[in-house]
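Visitor: Shown below is the structure under consideration.
The values are calculated or read from the model by the stated rules, or taken from the named source; none is laboratory data. A quick note: this is a predicted structure, and the numbers were derived from the prediction, not measured. We place every Cβ from the backbone using ideal geometry, glycine too, and count neighbours over all the protein chains shown.
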Amino acid sequence: MAAFIKHRTKFLLDEDRIPRAWYNIIADLRNPPAPPLHPGTGQPIGPADLAPLFPMALILQEVSGDREIEIPDPVREAYALYRPSPLHRAYRLEQALDTPAHIYYKYEGVSPAGSHKPNTALPQAFYNKEAGVKRLATETGAGQWGSALAFAGAVFGLEVKVYMVRASYDQKPYRRILMETYGAEVVASPSPTTNYGRSVLASTPDSPGSLGMAISEAVEDAATRDDTKYSLGSVLNHVLLHQTVIGLEAMEQMAMAGEEPDVIIACAGGGSNFAGLTFPFVGRKLRGEGDYRIIAAEPEAAPSLTRGVYAYDFGDTGHMAPIVKMHTLGSAFIPEPIHAGGLRYHGMAPLVSQLKEEGLIEARSVHQRAAFEVGVQFARAEGILPAPESTHAIKVVVDEALAAKEAGESRVILFNLSGHGHFDLASYERYLQGRLEDYEYPAEKVAEALAALPVVG
């Protein structure tokens, strides 16, 4: 029988190719990371300061300088439910754009929870279970992280409490139902179940919430219960570490395709999926083994990398979490209720911020309607409905592909499609009906929030 498929569109790895170790970019940085500071004293924190929130295994990963950290077998076995994830060549999108660029995407929407987030949820649940923890408290924006941790809690037998940002709680009811199906308890944040939540509601009863607020509630929950630890889906070093399975697999798959990326793109809210794809490639760049343009795509309504300042700031709105050096819009800044809830954060992961500050990565901001426009274009070409967060990356991909067309040059583009948009159909409906809001950069609100940055000596 004659071959009927002209091109190979998927590059698949067998389960035995699941990475055996996570990649730790700290080993290759030009400069050591700035130390996190205690929110009360302003002094560098040590393991004892983090012990009320995290098990010791994760604390040690947070500060490790080892280039590789072994992935425990039970975690690899859980990863096998969906990893290795596929790498796709986007031929139909290339044709729609009439571009000479070659476009590849690593698709993380194949996980049970529908995004990249289980890559860290599963190891976090595992290490907490090993430490005898019974319950985890966390926050979620779009619901991707909450869904992932609820799933991981079911896998390793842990109770999970999720503080879901009010704007997303209202916009995405099916995310809440998925979390509850996995067995998690979900409340809208700000909530009446914590002291911090009650204080916000007393002053602003109709607050849309923010990731910074939800983090404060989850941290308070964990810090006030002996049976509970806190679990974070982005920002922290150990979270970004766990996500590097994405880039490690992508390197092997790009070799299968016989190409090397020129441009690597991912959306960035707190930095987890961006770091997951790009950090292994940045490591190559730092070691002189490759050279890439690496671009973070973020929302115009919360552009921490493109318009924020690089300074020490609180990671949460209630000032309970450690103070970290990052690109920030100010911890008091509450973003507009954009539909890419996972990108509604005032700051950025310290490691991602450091790479931006040192000129190793670029950043671009994208308006909400422009993001949804290319999300629809991608769905009609490739058949996958992207999560609103990922549409920001796709917008930059399209811009790069059209720039290659204008320049008349070939360009290999790799991006991370971090999740599907099946639970975001209400947002797509608003776009298709012409009712989707667009938000400009809120300069005055940011200036006010930045004026309240902590003074760090």
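Visitor: Of all helices (runs of 4 or more DSSP H) completely enclosed by the stretch 196-257, which ones contain at least 2 residues that are among the acidic types (Asp, Glu) and closer than 28 Å to ASN24 by Cα?
Guide: 245-257
Visitor: Still on this structure: Looking at the stretch 123-136, is at least one residue within 18 Å of GLY342 (Cβ to Cβ) and among the aliphatic types (A, V, I, L, M)?
Guide: no
Visitor: Right, here's the next one. Kindly list, by first and then second residue, each pair from a residue in the stretch 362-379 that is more than 14 Å from TYR431 (Cα to Cα) and in contact (Cβ under 8 Å) with a residue 24 or more places away in the chain to a residue that is part of a helix (DSSP H, G or I) and hydrophobic (A, V, I, L, M, F, W, C), limited to pairs with Cβ atoms under 8 Å and residues at least 6 apart or on different chains.
Guide: Note: pairs meeting the criteria are ALA363/LEU305; ARG364/VAL396; VAL366/VAL396; PHE378/LEU93; PHE378/ILE394.
Visitor: Just to be sure I understand the filter: pairs with C-beta atoms under 8 Å, separated by 6 or more residues or on different chains, first member in the stretch 438-449 and touching a residue at least 12 places away in the same chain (Cβ under 8 Å), second member among the β-branched types (Val, Ile, Thr). Which pairs pass?
Guide: So the pair list comes out as TYR439/ILE338; LYS445/ILE334.
Visitor: Of the conditions (1) at pLDDT 95 or above; (2) in a strand (DSSP E or B), PHE151 fails just one. Which one is it?
Guide: Of everything listed in (1) at pLDDT 95 or above; (2) in a strand (DSSP E or B), PHE151 misses just condition (2).
Visitor: Mind checking which residues of the stretch 338-372 are over 26 Å from VAL63 (Cβ atoms), modelled with pLDDT of 95 or more and of a type in the set (D, E, K, R)?
Guide: If the condition is that a residue be over 26 Å from VAL63 (Cβ atoms), modelled with pLDDT of 95 or more and of a type in the set (D, E, K, R), then GLU362, ARG364, ARG369 are the ones that fit.
Visitor: Determine, yes or no, whether GLY318 is out of contact with any strand residue (DSSP E or B) (no Cβ under 9 Å at 6 or more places or on another chain), touching a residue at least 60 places away in the same chain (Cβ under 8 Å) and among the small types (Gly, Ala, Ser).
Guide: Here the answer is yes, as GLY318 does meet what is asked.
Visitor: For the stretch 154-194, what are the residues that are in contact with a helix residue (DSSP H, G or I) (Cβ under 7 Å, 6 or more places away or on another chain), outside any helix (DSSP H, G or I) and among the aliphatic types (A, V, I, L, M)?
Guide: Result: LEU158, VAL160, VAL162, MET164, VAL165, ALA184, VAL186, ALA188.
Visitor: Please pick out the residue among LEU248, LEU232, LEU240, LEU286 that is of a type in the set (A, V, I, L, M) and out of contact with any Phe, Trp or Tyr (no Cβ under 9 Å at 6 or more places or on another chain).
Guide: Only one candidate passes the filter, namely LEU286.
Visitor: How many residues are in a strand (DSSP E or B), surrounded by fewer than 24 Cβ atoms within 10 Å (Cβ to Cβ) and not β-branched (Val, Ile, Thr) if we restrict to the stretch 294-329?
Guide: Looking only at that region, the number is 4.
Visitor: Could you go through the stretch 260-275 and let me know if any residue there is over 20 Å from ALA121 (Cα atoms) and surrounded by fewer than 19 Cβ atoms within 10 Å (Cβ to Cβ).
Guide: The answer is yes, given that some residue of the stretch 260-275 is over 20 Å from ALA121 (Cα atoms) and surrounded by fewer than 19 Cβ atoms within 10 Å (Cβ to Cβ).
Visitor: Would a scan of the stretch 184-192 turn up a residue that is modelled with pLDDT of 95 or more and over 27 Å from ALA332 (Cβ atoms)?
Guide: yes
Visitor: Okay, moving on. Given the criteria of a type outside the set (Gly, Ala, Ser), modelled with pLDDT under 95 and either within 14 Å of ILE265 (Cβ to Cβ) or touching a helix residue (DSSP H, G or I) at 6+ places or on another chain (Cβ under 8 Å) (or both), does TYR439 qualify?
Guide: In short, yes.
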